[in-house]
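Notes for the one structure printed next.
The values are calculated or read from the model by the stated rules, or taken from the named source; none is laboratory data. This structure is a prediction, so every number in the text was calculated from the model and none was measured. Backbone-built Cβ (ideal geometry, glycine too); neighbour counts: all protein chains shown. Just the protein is used for accessible areas: all its heavy atoms, side chains included, with ligands, DNA and RNA removed. Shrake-Rupley method; radii C 1.70, N 1.55, O 1.52, S 1.80 Å.
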Amino acid sequence: WKELLAGERSSLAIDTIQIEVSVPTGRMLYVWGYHPVKGWSKATLNPPASRPGALKVQSSDAMIPGASLAIDDGSPWITSHDSRSGWICVRSQSRERVTDAVEFATDSIAEVAGSRLVALWLHPRSR
């Protein structure tokens, strides 16, 4: 909770999705943003087996408080949605092999290939 209350935060951007990041630690905190349903594809989604943990951003670009840093791996990102399960997957179209899946926030799983983020699995819930 200490990092959530700390003031210096930045974000990583995948289109209009933001992943909030603590600037002092580089830790990914939570996902937020507006991501319109138009353009999503319907799919049957099964989230990957994941482990709870923390992910830290490593970038050659400095994380600047209050600013977003776009994730650009040269491939478009696509969004799939499973209306039955409620899961959403935002995935890079790069063909990198996933090496780990980490639940870094409640109902938020990041798939990584080495040190690169290649997919976000989100299970939003109405409050």
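List of remarks:
- Probe 1.4 Å - accessible area at Arg91, Å² to nearest ten: 80
- Close amide H partners of Leu69, meaning residues 5 or more places away or on another chain with modelled amide H under 5 Å apart, are Ser11, Leu12, Ala13.
- Extent of region 44-99 along its three principal axes (Cα atoms, max minus min coordinate, largest first): 39, 27, 26 Å.
- Residue ranges 55-63, 76-84 sort as 76-84, 55-63 when ordered by packing (mean number of other C-beta atoms within 10 Å per residue, highest first).
- Residues of region 82-115 with amide N under 11 Å of a point placed 7 Å along Cα→Cβ from Asp73: 91-100, 111-115
- Overall, the accessible surface of the chain at a probe of 1.4 angstrom is composed of carbon and sulfur to the extent of 52 percent.
- Average accessible surface for the chain: 62 Å² per residue, computed with a 1.4 Å probe over protein heavy atoms with every protein chain in place.
- Counting only Cβ charges, +1 for Lys and Arg and -1 for Asp and Glu, the dipole size of the chain around its Cα centre is about 340 debye.
- The Rg/Rh ratio for the chain is 0.94, where Rg is the radius of gyration of the alpha carbons and Rh is the Kirkwood radius.
- A simple spin-label model places the labels of Val112 and Asp82 2.4 nm from each other, with each point 7 Å out along Cα-to-Cβ.
- A simple packing score, the average count of other Cβ atoms within 10 Å per residue, orders the peptides 98-104, 118-124 as 118-124, 98-104, with the highest score first.
- Residue with peak Gaussian network fluctuation, the chain [Cα springs, cutoff 10 Å], from Gly74, Gly114, Gly26: Gly74
- The length gained on full extension between Arg95 and Ala13, counted as 0.36 nm times the residue separation minus their Cα-Cα distance, comes to 27.5 nm.
- Projected label distance in nm at Arg27 and Asn46, using a 7 Å step from Cα toward the beta-carbon: 3.3
- When the chain is treated as a Gaussian network with alpha carbon springs shorter than 10 Å, the biggest mean-square fluctuation among Pro24, Pro47, Pro36 belongs to Pro36.
- Local electrostatic count, Ile17, Cβ distance below 15 Å [Lys/Arg +1, Asp/Glu -1]: -4
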